[in-house]
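Beneath this line is the structure, given in structure tokens, with notes to follow.
The values are calculated or read from the model by the stated rules, or taken from the named source; none is laboratory data. Bear in mind the structure is a predicted one, so any value in this text is a computation, not a measurement. Ideal geometry is used to build each Cβ from the backbone, glycine not excepted, and the neighbour counts take in all protein chains shown.
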Ligand SMILES: Nc1ncnc2c1ncn2[C@@H]1O[C@H](COP(=O)(O)OP(=O)(O)OP(=O)(O)O)[C@@H](O)[C@H]1O
């Protein structure tokens, strides 16, 4: 039989495992939290920052079945209601509405130019699969450590995005 073994105190960023083991995070969401709550609390400010030129990363980490795909919103069906959409579709919409606002607010001679591109990859057993290329599922890209100490994926295609 399965039972819930964690508790969350409203307003406190801790998860209590069992009765006595507490873990503290920046934000903690209880079982009834909805997708918009997670986006507004954890991601919205990162996208606002990215629109101002800062780098941002959202990473889903957890054991199998813990809700990474659901929360990131990469497994959604076309008919998924907006309330159930996860982070990625929300972030993409947010990026394009941010671009539209900036274009309207800042009148720059010659206009502002924005370029948005995406890569979508799966890392499995230390190999990369391009999820934007369903026709070449078997094609594997290698992860390289470059001389400057960075990690890169050689030749993984980038898809330009339009609103
Ligand atoms: N917050 C949630 N509300 C409702 N259903 C959820 C929630 N989180 C996850 N689920 C459901 O639980 C199941 C497992 O979630 P999900 O596929 O997102 O896990 P995962 O961490 O991506 O697993 P894996 O690592 O195996 O890919 C799915 O059916 C998903 O719809």
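Name the residue that is modelled with the lowest pLDDT, counting only residues in segment 90-113 that are surrounded by 14 or more Cβ atoms within 10 Å (Cβ to Cβ) and out of contact with any strand residue (DSSP E or B) (no Cβ under 8 Å at 6 or more places or on another chain).
Per the criteria, the residue is 103.
Take segment 42-75 and flag every residue that is surrounded by 10 or more Cβ atoms within 10 Å (Cβ to Cβ), within 15 Å of the ligand (Cβ to nearest atom) and part of a loop (DSSP other than H, G, I, E, B).
Residues satisfying the conditions are 58, 60, 66, 67, 73, 74, 75.
Mind listing whichever residues of segment 6-26 are surrounded by 13 or more Cβ atoms within 10 Å (Cβ to Cβ) and out of contact with any strand residue (DSSP E or B) (no Cβ under 8 Å at 6 or more places or on another chain)?
Residues satisfying the conditions do not exist here.
Answer with yes or no whether residue 87 is farther than 30 Å from residue 37 by Cα, at pLDDT 80 or above and within 16 Å of the ligand (Cβ to nearest atom). Before you say what the answer is, go through the steps one by one.
Numbers: farther than 30 Å from residue 37 by Cα: no; at pLDDT 80 or above: yes; within 16 Å of the ligand (Cβ to nearest atom): yes.
Taking the combined requirement at face value, the residue does not satisfy it.
Those residues that are part of a strand (DSSP E or B) and within 19 Å of residue 61 (Cβ to Cβ), I need them from segment 1-20; list them, please.
Residues satisfying the conditions are 6, 8, 14, 15, 17.
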